[in-house]
Amino acid sequence: MRRFTRRSRRRRILVISVATSLVALVAGVGAVTVSPLMALTEITVTGAQRLDAAAVTEALDEHTGTPLALLDHEAIRDDLRAFPLIRSYSTEVVPPHTLVVRLVERTPIGAVERAGGVALVDAAGVVVDTTAERPAGVPLIEAGDADAESVAFRSAAAVLAVLPADLVARIDVISATTRDDVTFTFADTGHRVRWGSAERSDFKARVLAAAIATSDQSVAWQYDVSAPDSLIARRL
């Protein structure tokens, strides 16, 4: 009985010691985590090309001095909303003092004519840049009043988003008035393409590429891939 009692007492002492050590360790880690020893002092912004990385860093400067574990990521999101060119972003906390912000910027898919120049817009209709003249290789989007919320604009933008980059660079004008009547012309050959709706665009792109590869490119053609299972091609 005495041996059993001594063993029980030693086990209780061991359990209490281990529990006390764990509590002290957790408390110590927690104290360090929320202390100035782990406060934000450096913000690194990557992926900025059109944006000024220094301006993004400055917008987040209010968070410096905050312990990394207590960073308000909703507030960071609100601060980054001031930059419409940011399509998406991700953050990474790098102890002991760094926050890395990785940006994905919006990229233009086409140009829209505006008073005094052209606006380069992304697929959502957000203006990425404005220029006096349309850059080479950027299609002109003619979709009614070019309202980004209109069915016509969304249809034209959806087509541009799935076409191969080398094909998009050859498009002069892409137009639409409804969801089902997207058409475009090539700047280099004068080809006209009746695309129809944005549905099955991946397949239509393959059909169009095959039609171009197997037809005489010394003359202009009209390709109708609106029903891609029944390609129609005729000389203009």
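The values are calculated or read from the model by the stated rules, or taken from the named source; none is laboratory data. It should be emphasised that the depicted structure is a prediction, and the values quoted were computed from it without experimental measurement. Glycine also receives a Cβ, built like all others from the backbone with ideal geometry; neighbour counts cover every protein chain displayed. Note: areas computed on protein heavy atoms with side chains; ligands, DNA, RNA excluded. Shrake-Rupley method; radii C 1.70, N 1.55, O 1.52, S 1.80 Å.
The figures follow:
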quantity	calculated
Rg(Cα) / (2.2 N^0.38 Å) computed for region 70-145, rounded to two decimals	1.48
Carbon/sulfur fraction of accessible area - region 57-203, other protein chains in place, 1.4 Å, %	49 percent
Whole-Å distance, taken between Cα centres, linking region 64-109 and region 182-197	41 Å
Residue-count net charge about Ala55 - beta-carbon cut-off 15 Å; Lys, Arg +1, Asp, Glu -1	-4
Separation in nanometres of the label points that stand 7 Å from Cα toward Cβ, at Glu133 and Ala82	3.6 nm
Net charge of neighbours whose Cβ lies under 14 Å from the Cβ of Ala227, counting Lys and Arg as +1 and Asp and Glu as -1	-2
Cut-off 15 Å between beta-carbons: net charge of the residues surrounding Arg134, Lys and Arg +1, Asp and Glu -1	-3
Mean shadow area of region 107-160, taken as a quarter of the surface of its Cα convex hull (nm²)	3.3 nm²
Residues of region 48-174: accessible area per residue with a 1.4 Å probe, Å²	51 Å²
Separation of the Glu199 and Ser230 label points, Cα + 7 Å toward Cβ, nm	1.5 nm
